[in-house]
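Reviewing the structure listed below.
The values are calculated or read from the model by the stated rules, or taken from the named source; none is laboratory data. Because the structure is predicted, anything quoted here is derived from the model rather than measured. Every residue, glycine among them, receives a Cβ derived from its backbone with ideal geometry; neighbour counts consider all protein chains shown. Note: areas computed on protein heavy atoms with side chains; ligands, DNA, RNA excluded. Shrake-Rupley method; radii C 1.70, N 1.55, O 1.52, S 1.80 Å.
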Amino acid sequence: MRFPVHVLLVVPLVMVSGCASYYSHYAVFPAENSVGEPRQVKLTWETADYPEWWFMGDKATSIRLETQCSKRVWRLRDSSDEEAGVCGDGIRACGEPRLDIVADNGAPVTGSERCVALNPSVQNGRISGLGEKLKLLVSCRPATTSVGQGDEKRNFDYIRASSVPYTVYARKAPRGSFRAKAPEFDDSVCDAE
């Protein structure tokens, strides 16, 4: 039996395009920034989950960590990301010279210090394998909480460092669904200060 050429071309395309399930993940929780002001903190990322039988492994974006009222955005990456940096293994964000200080000793970071880690006790952790309960360890504080002057002044503060990880619960929803969008920060808190 002969199959038409267009059938032979369409079947592989259907098999490849329908293999992954795409999800959005987020967590929002209250915490204090480095100067003790109450803030909301948000983690967001996306994953592509492939079936066990498929030749590709699960994929994930970097995790975006934001603190309410701040322009500073951390990007947590795992070892599968070539931009992960050289500040350890697992899911982490390296400190930036001139921007961050190691919280426990007050030394400026050189770039090889891990300032933020997710599930720090898991050495080879992958973002694509995260569950709903997370441990967030913050080991640095900002060198300065704001940059610029007058109308050009921008807040660069972030979540307060702690020797004990924050316990955070993430939500997972199919990408594009109503539940997949993380809540927006209430900027009126920032305007009032």
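Right, G131: under 16 Å from the mean Cα position of the chain (by Cα) and either part of a loop (DSSP other than H, G, I, E, B) or crowded, with 19+ Cβ neighbours inside 10 Å (or both) or not? Outline the logic, then answer.
Details: under 16 Å from the mean Cα position of the chain (by Cα): yes; either part of a loop (DSSP other than H, G, I, E, B) or crowded, with 19+ Cβ neighbours inside 10 Å (or both): yes.
Taking the combined requirement at face value, the residue satisfies it.
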(message) Any residue in segment 111-137 that is touching a residue at least 60 places away in the same chain (Cβ under 8 Å) sitting within a Cβ distance under 7 Å of a residue that is loosely packed, with under 15 Cβ neighbours inside 10 Å? List the pairs, counting only those 6 or more apart or interchain.
(response) R126/S80
(request) Provide a single number: the residues in segment 37-69 that are of a type outside the set (V, I, T), modelled with pLDDT of 95 or more and open to solvent by less than 40 Å² (accessible area, probe 1.4 Å). (result) 9
(message) Take the residues in segment 148-167 that are outside any strand (DSSP E or B) and open to solvent by less than 50 Å² (accessible area, probe 1.4 Å); name whichever of them is modelled with the lowest pLDDT.
(response) G148
(request) Go through segment 70-119 and count every residue that is under 25 Å from P30 (Cβ atoms) and open to solvent by 30 Å² or more (accessible area, probe 1.4 Å). (result) 8
